[in-house]
Amino acid sequence: ETGPQRQTVTALAQELRTAVGNDPKAYAAGADQLIGLKPIFIRRALEGLQNAANNAQSFEWGNLLKLIEHVFAQLHQTIDPTTVVDGDDKDWVWACKAACETLAAGLRRGAADIGFEHADMVRQLVLTITKSAPKQPEFTDFEERFAKEPFFAAQTTVRGLALELCIFLMFWLSKDQSSAFGVLPRQTLANLPEIQNILDAELADRSPSGRIPYAIMGAHLRYLLYFGEEWLRPKMKALFPADDDALRQS
């Protein structure tokens with residue numbers, strides 16, 4: 001039974017992704033109806049919507065944000081092993097990453113995609129996932145990946161993706177011309193004390209897993225300089241520590 005069952009779950013999930021890609025507007029509008037499905041199906045649906053956003057297709061985000069909120073809340077929930085069949089996701093980590101990447105795809109489009117009426121919810125989602133992201137990488141081959149490409153290795157972790165969301169949140173909010181962020185874009189980080197606290201905490205992590213946020217912040221240095229120069233300038237020595245080769249190279 002295992003072979004056909006695996007094929008069924010995997011094939012169904014792939015079909016769902018294709019269907020979402022063919023009609024992202026309809027699936028985004030009804031995204032909250034996916035709550036309660038197995039993580040593999042939610043993950044595939046999110047991948048379809050992420051792909052659509054990356055291809056500059058616009059859709060309504062209200063119910064999709066509700067789905068993302070649900071996925072973030074499941075990150076540390078265990079799944080009853082008796083419900084897991086061959087081909088299923090064994091936990092919510094993959095779905096959570098897909099949710100992060102989908103939200104990031106929307107934020108990167110600035111004013112073109114997620115409506116600013118959702119600003120409070122988006123800020124809350126970013127804070128939620130940043131607080132619940134595990135400090136350690138989820139993969140056993142992280143060291144191998146990191147040696148080859150630090151930034152992309154950091155991006156494979158929930159922690160790295162969550163920190164990227166903090167940075168893309170600044171970019172997105174700065175496009176809202178009706179807000180203080182849009183009026184004074186270069187003060188965006190100063191006007192987001194909760195994000196500043198997150199960056200400070202990540203920068204203070206001198207453990208080996210601290211390489212994850214260091215790689216992400218290093219890759220997005222231009223964003224940090226533009227939206228938070230007053231914060232960044234005094235932190236440059238900490239971000240490129242003379243006494244820690246591993247963190248500096250990250």
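At a glance:
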item	result
Residue, surrounded by the fewest Cβ atoms within 10 Å (Cβ to Cβ), within region 157-204, restricted to residues that are in contact (Cβ under 8 Å) with a residue 60 or more places away in the chain and aromatic (Phe, Trp, Tyr)	Phe171
Residue count for region 105-115, restricted to those that are within 20 Å of Ala29 (Cβ to Cβ), of a type outside the set (Lys, Arg) and open to solvent by 50 Å² or more (accessible area, probe 1.4 Å)	1
Verdict on Ala98 being within 28 Å of Phe152 (Cα to Cα), in contact with a helix residue (DSSP H, G or I) (Cβ under 6 Å, 6 or more places away or on another chain) and among the hydrophobic types (A, V, I, L, M, F, W, C)	yes
The one condition in (1) more than 19 Å from the chain's Cα centre (by Cα); (2) aromatic (Phe, Trp, Tyr); (3) open to solvent by 40 Å² or more (accessible area, probe 1.4 Å) that Tyr223 fails to fulfil	(1)
Region 206-220, residues that are open to solvent by 30 Å² or more (accessible area, probe 1.4 Å) and not in a helix (DSSP H, G or I)	Arg206, Ser207
Qualifying residue in region 118-129 (condition: over 20 Å from Glu15 (Cα atoms), open to solvent by 70 Å² or more (accessible area, probe 1.4 Å) and not hydroxyl-bearing (Ser, Thr, Tyr))	yes
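The values are calculated or read from the model by the stated rules, or taken from the named source; none is laboratory data. All of these numbers come straight from a predicted model, not from anything done at the bench. No Cβ is skipped: glycine too gets one built from the backbone with ideal geometry, and neighbour counts run over all protein chains shown. Note: areas computed on protein heavy atoms with side chains; ligands, DNA, RNA excluded. Shrake-Rupley method; radii C 1.70, N 1.55, O 1.52, S 1.80 Å.
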